[in-house]
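**Q** This is the structure I have questions about; it appears just below.
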Amino acid sequence: MEKTQQNRKKTGDSFYPFREIEAKWQERWEEQKLYKTNPEPKKKFYNLVMFAYPSGDIHMGHFRNYSVGDAVARRKMMEGYDVLHPFGWDAFGLPAEQAAIKRNLKPQDWTLNNIKVSRNTLKKVGISFDWNREVATCLPDYYKFTEWFFVQLFKKGLAYQKEATVNWCETCNTVLANEQVDAEGQCWRCHQTVTKRKLKQWFFKITDYAERLLNDLDKLTGWPENVKTMQKNWIGRSVGAEIDFKLESGEKIPIFTTRPDTIFGVTFMAIAPEAEILDKLDIPNEYKKDVEEYIQKAINKTEIERTAETGEKDGVFTGCYAVNPYNGEKVQLWVADYVLASYGTGVVMAVPAHDQRDFLFAKKYDIPIKIVIHPEGGSLNLDDMDEAYVEYGVMVNSGRFDGLVGSDAVEKVTQHAENKGFGRKKVNYRLRDWLISRQRYWGAPIPIIHCQKCGPVPVSEDDLPVKLPENVENYIPKGRSPLADIPEYMNVKCPKCGEEAQRDPDTMDTFVCSSWYHMRYLDNKNPHQPFSRADAEKWMPVDQYIGGIEHATGHLLYFRFFTKFMYDLGWLNVDEPALNLFNHGMVRDAEGQIMSKSLGNVVSPMELIDRYGVDISRLAMHFTAPADKEIDWNEEAFVGIERFINRFYRMVTEIDNPEPVDLKRYFKKDQLSDNQWDLYIKLNQMIKKVSEDSDRMQFNTNIAALMEYFNALNQVKRIEPEFYHYILQKSTQLIAPLAPHFAEEIWSLYGYTESIFKSSWPSYDPDAVVSEQINIVVQVNGKVREQIMVSSDASKDMIETMALDSEKVKKFIQDKKIIKTIYVPGKLINMVVK
């Protein structure tokens with residue numbers, strides 16, 4: 001049968017009418033309740049995308065993220081899963097408050113309007129969210145349980161208040177957690193340099209979970225290794241010894257060290273400018289002024305400046321001494337900026353000969369340097385040293401321990417301290433307790449009442465939520481929470497003794513709200529509990545979590561902590577929140593900058609959708625780059641995608657009497673002509689590839705495979721009608737998760753009455769996926785970097801895509817621009833980069 005003559009109607013240059021089709025199917029899906037979650041799942045799949053901060057309409061970054069999540073959800077529907085695909089809004093936080101101040105609005109009015117706009121956009125985009133599960137963290141029915149979590153943590157001794165030196169952003173006028181200060185010592189929101197202040201603040205004792213958070217990373221086999229490595233380094237487990245030095249007054253100063261084998265080389269001790277031990281020092285009058293001035297100067301330096309291995313170190317002598325318990329020697333006590341109060345006890349023993357920062361410091365201030373470790377088989381001479389010797393070696397000048405080496409030396413020196421009672425083995429963590437107080441209005445209130453008689457008392461669970469007052473005249477921060485200036489909010493009775501008391505004026509870090517939202521989705525309308533245990537058993541853990549890697553040591557750590565806490569309380573039967581994590585790439589503008597509303601460089605997806613439609617915009621987004629890589633945004637991909645969709649649409653609409661066929665059927669070679677058998681092999685290879693690449697969310701290669709297959713299809717002049725229908729219907733199923741409106745329309749044109757997402761995902765014929773394979777050499781700038789096996793009929797585009805997906809190739813083209821690609825058919829492909 002001639003495909004060009006008998007399978008098609010003469011319709012000229014018709015094109016895909018996306019506007020009417022997309023509107024039709026969105027209405028149809030709503031009527032069919034296609035996305036409504038089955039409350040009694042037989043085969044569950046919990047698909048979670050990170051919810052949005054509603055600072056305006058959604059942008060291209062959101063569009064990309066949620067399109068990836070949608071493709072996963074729709075594929076799982078076709079695989080027969082009961083899918084939970086919820087959405088919500090991370091709606092508290094500083095930007096809304098700042099926008100309200102700027103526009104003379106209430107933060108809630110600004111936020112809720114943005115939610116309305118963004119929700120409408122997401123519905124127009126056709127994302128398969130179950131909107132019945134929607135949450136907004138700024139609404140009382142949600143933050144009631146954010147407060148409930150605080151109360152549970154408080155009752156378990158995991159929420160506490162103390163005075164501490166904290167990160168302070170002058171621009172935002174609020175405290176920041178360590179995780180909210182970037183590597184340059186700047187605020188994560190406004191990028192201004194962060195300073196330090198001493199304030200009484202609330203903390204969550206996440207350090208009690210440090211060991212579990214670290215060890216259980218091994219369970220997370222579906223998480224990217226780089227995220228796990230970042231968390232591992234952030235938690236920062238160190239094994240060593242805690243040694244008690246003594247002040248001249250007899251007061252103990254415990255220090256932590258991973259190198260107790262260097263203890264006899266201690267010639268001074270360095271104290272962090274923020275360390276509490278400074279309050280216990282009896283600093284002589286002649287040193288006090290210099291010490292106080294130095295502390296003020298030092299604490300305003302960034303952590304990067306203070307802890308760099310190189311560069312000049314400075315400090316000030318306190319005029320005080322401590323005694324080394326191993327040899328009774330007096331050592332000087334200095335305040336030094338390279339020591340952080342957050343590490344160990346905030347005091348370190350300084351061994352200049354064997355620590356580079358100590359070495360630089362001692363050289364600068366002419367402090368004695370004492371060699372106590374020699375390299376095995378060698379020796380050190382102080383006159384020849386221009387840097388510290390930091391490796392393990394043989395102990396020397398160390399009394400009874402001389403001659404001990406490496407781990408044996410560490411063990412025996414530590415054991416001696418334990419035997420004598422002035423030391424012990426110790427595991428230390430870099431992770432600090434989570435500072436959650438914020439001196440702002442727009443956040444979940446801290447449900448604590450301060451009573452002079454009873455101390456801090458939690459609000460009764462029956463009285464939650466503590467609602468934010470709406471009669472706020474001024475949201476402008478003054479270094480304290482605006483709530484502190486509202487007497488009718490602040491002044492209450494103590495729930496314990498009934499005396500006059502005051503509420504805590506601070507609100508919680510927004511990351512507290514996002515640490516449990518994956519649980520609230522399970523039972524979002526429950527007024528009595530954060531969620532039901534029964535629903536948690538049905539749906540937890542999350543099967544696939546999708547979001548940005550920028551949250552690796554913030555949200556992704558916090559929501560693991562909250563999940564473990566709820567497991568310990570008996571609310572969950574799992575102690576990790578998500579089995580699999582996928583980090584999508586960011587979208588960059590033409591200048592290479594990440595698109596951000598704060599930078600004013602965002603592109604609205606609605607502009608593209610108005611021009612090209614939802615599905616062509618989605619396909620172009622997926623086609624531009626692998627989903628886990630950054631995109632340099634341009635609209636070049638739209639041309640080829642639009643042409644492909646129009647061609648696909650015409651191929652179906654020009655068929656006489658389209659009808660369903662048996663899609664479970666496998667063909668035999670003797671049932672098809674040679675050309676058709678070749679198409680059948682290619683079809684099954686495509687099904688196999690699209691399925692495997694979809695599992696890895698590499699949708700760009702899916703689209704490339706479909707486009708390549710259609711090119712091959714157009715080369716065959718004669719195809720039997722049933723087989724032609726079979727090809728197009730299978731292809732429609734394969735493209736459905738990426739172009740859902742288009743696929744539904746094609747499916748219905750073939751006479752199917754049920755949604756394509758109720759059909760079964762195509763399986764490939766295992767007897768028809770093998771074709772001749774050839775070896776292609778992959779070069780970068782003329783040098784061989786990889787060899788790949790490809791089908792003998794693979795196109796240049798397919799080979800280039802496979803080459804770019806190779807891990808061996810990626811490291812040679814990372815952060816480089818491909819100038820041109822040279823392809824020698826059947827032999828090699830060479831990418832010229834600079």
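The values are calculated or read from the model by the stated rules, or taken from the named source; none is laboratory data. Given the structure is predicted, the values throughout are model-derived calculations rather than measurements. We place every Cβ from the backbone using ideal geometry, glycine too, and count neighbours over all the protein chains shown. Ligands, DNA and RNA are stripped out before the accessible areas are found, and what is left, the full protein with its side chains, is counted by its heavy atoms. Shrake-Rupley method; radii C 1.70, N 1.55, O 1.52, S 1.80 Å.
**Q** Using Cα pairs under 8 angstrom and six or more residues apart, how large is the relative contact order of the chain, in percent?
**A** 15
**Q** Can I ask one more? Using only helices, what value at 222 nm comes out for the chain when you add -39,500 (n - 2.57) per DSSP H run of length 4 or more and divide by the total residues, to the nearest 500 deg cm²/dmol? Before the final figure, lay out each step's value.
**A** Values: 26 runs with 295 residues, N = 834.
Value at 222 nm, helices only, nearest 500: -11000 deg cm²/dmol.
**Q** Which option, (1) 1.06; (2) 0.98; (3) 1.13, is the value of Cα Rg over 2.2 N^0.38 Å that was calculated from these coordinates?
**A** Working out Cα Rg over 2.2 N^0.38 Å from the coordinates points to (3).
**Q** Related question: Between segment 259-293 and segment 425-485, how far is it from one alpha carbon centroid to the other, in angstrom?
**A** 34
**Q** Collect residues whose amide H, placed 1.01 Å from N in the peptide plane, falls under 5 Å from the amide H of VAL135; neighbours closer than 5 in sequence don't count.
**A** PHE87, GLY88, TRP89
**Q** Measure off 7 Å from each Cα along the Cα-to-Cβ vector at GLU807 and GLU40, then give the distance between these two points in nanometres to one decimal.
**A** Result: 4.5 nm between the two label points.
**Q** Can you work out the Karplus-derived ³J(HN,Hα) for every residue in segment 372-385? Use 6.51 cos²θ - 1.76 cosθ + 1.60 with θ = phi - 60°, whole Hz, and x for glycine or proline.
**A** 10, 10, 10, x, 4, x, x, 8, 10, 10, 4, 5, 9, 7
**Q** Let me ask something else. Note the full-extension length gain between SER238 and SER379 as 0.36 nm times their separation in residues minus their Cα-Cα distance, in nm to one decimal.
**A** Values: separation 141, 0.36 × 141 = 50.76 nm, distance 2.81 nm.
Stretched fully, the SER238-SER379 segment lengthens by 47.9 nm.
**Q** If each of LYS297 and GLU607 carries a label point 7 Å out from its Cα toward its Cβ, how far apart are those two points in nm?
**A** Once both label points are built, they end up 5.0 nm from each other.
**Q** Still on this model: Rounding to the nearest 10 and keeping the result within 0 to 90°, find how far the Cα-based axis of helix 674-695 lies from the longest principal axis of the chain.
**A** Once rounded, one gets 20 degrees.
**Q** To the nearest 0.05, what FRET efficiency results for SER792 and ASP695 with a Förster distance of 30 Å applied to their C-beta separation?
**A** Working: r = 25 Å, r/R0 = 0.85.
The calculated FRET efficiency here is 0.75.
**Q** Using mean Cβ contacts within 10 Å as the protection proxy, how do 822-828, 355-361, 32-38 order, highest first?
**A** Details: 822-828: 12.7, 355-361: 21.9, 32-38: 15.6.
In decreasing order of mean packing, 822-828, 355-361, 32-38 become 355-361, 32-38, 822-828.
**Q** Using a 1.4 angstrom probe on heavy atoms only, work out the carbon and sulfur share of the accessible area of the chain in %. Don't skip to the end; give the middle numbers.
**A** Numbers: 16850 of 36060 Å².
Solvent-exposed carbon and sulfur of the chain make up 47 percent of the total.
**Q** For ARG533 paired with ASP386, estimate the spin-label separation in nm (one decimal), with each label point 7 Å from Cα along the Cα-to-Cβ line.
**A** 6.8
**Q** Would you list, by chain and number, the aspartates and glutamates whose Cα falls below 15 Å from the Cα of LYS717, excluding same-chain residues fewer than 8 positions away?
**A** The reachable aspartates and glutamates, counting only those whose Cα sits under 15 Å from LYS717, are GLU2, ASP674, ASP678.
**Q** So how tilted is helix 18-32 from the main axis of the chain? Cα-based, degrees 0 to 90, rounded to 10.
**A** Rounded to the nearest ten degrees, it is 70.
**Q** Ordered by residue, what ³J(HN,Hα) values in Hz, to whole numbers, does segment 809-826 give under the Karplus form 6.51 cos²θ - 1.76 cosθ + 1.60, where θ = phi - 60° and Gly and Pro are x?
**A** Those phi angles translate into 6, 3, 5, 9, 10, 4, 6, 10, 9, 7, 7, 7, 10, 10, 10, 9, x, x Hz.
**Q** Here's another thing I want to ask about it. Note the angle between two axes, namely the Cα long axis of helix 796-805 and the longest principal axis of the Cα atoms of the chain, as a number of degrees from 0 to 90, rounded to the nearest 10.
**A** The two axes meet at around 20 degrees.
**Q** Please work out the FRET efficiency for the pair ASP366 and ALA23, using the Cβ-Cβ distance as r and a Förster radius of 60 Å; give the result to the nearest 0.05. Display every interim value, and only then the final one.
**A** Working: r = 80 Å, r/R0 = 1.33.
Efficiency computed from Cβ-Cβ geometry: 0.15.
**Q** Taking R0 as 22 Å, what's the FRET efficiency between GLU499 and SER460 from their Cβ-Cβ distance, rounded to 0.05?
**A** On the way: r = 16 Å, r/R0 = 0.73.
FRET efficiency, GLU499 to SER460: 0.85.
**Q** Hey, can you grab everything whose amide H is under 5 Å from the amide H of ILE655? Only 5+ residues off in sequence or another chain; H modelled, so Pro and N-termini drop out.
**A** When sequence neighbours closer than 5 places are left aside, the close amide H contacts are LYS9.
**Q** For ASP82, enumerate residues with amide H under 5 Å from its amide H, sequence gap 5+ or separate chain, H modeled in the peptide plane.
**A** Distant-sequence amide H within range of ASP82: LYS42, LYS43, LYS44, PHE45.
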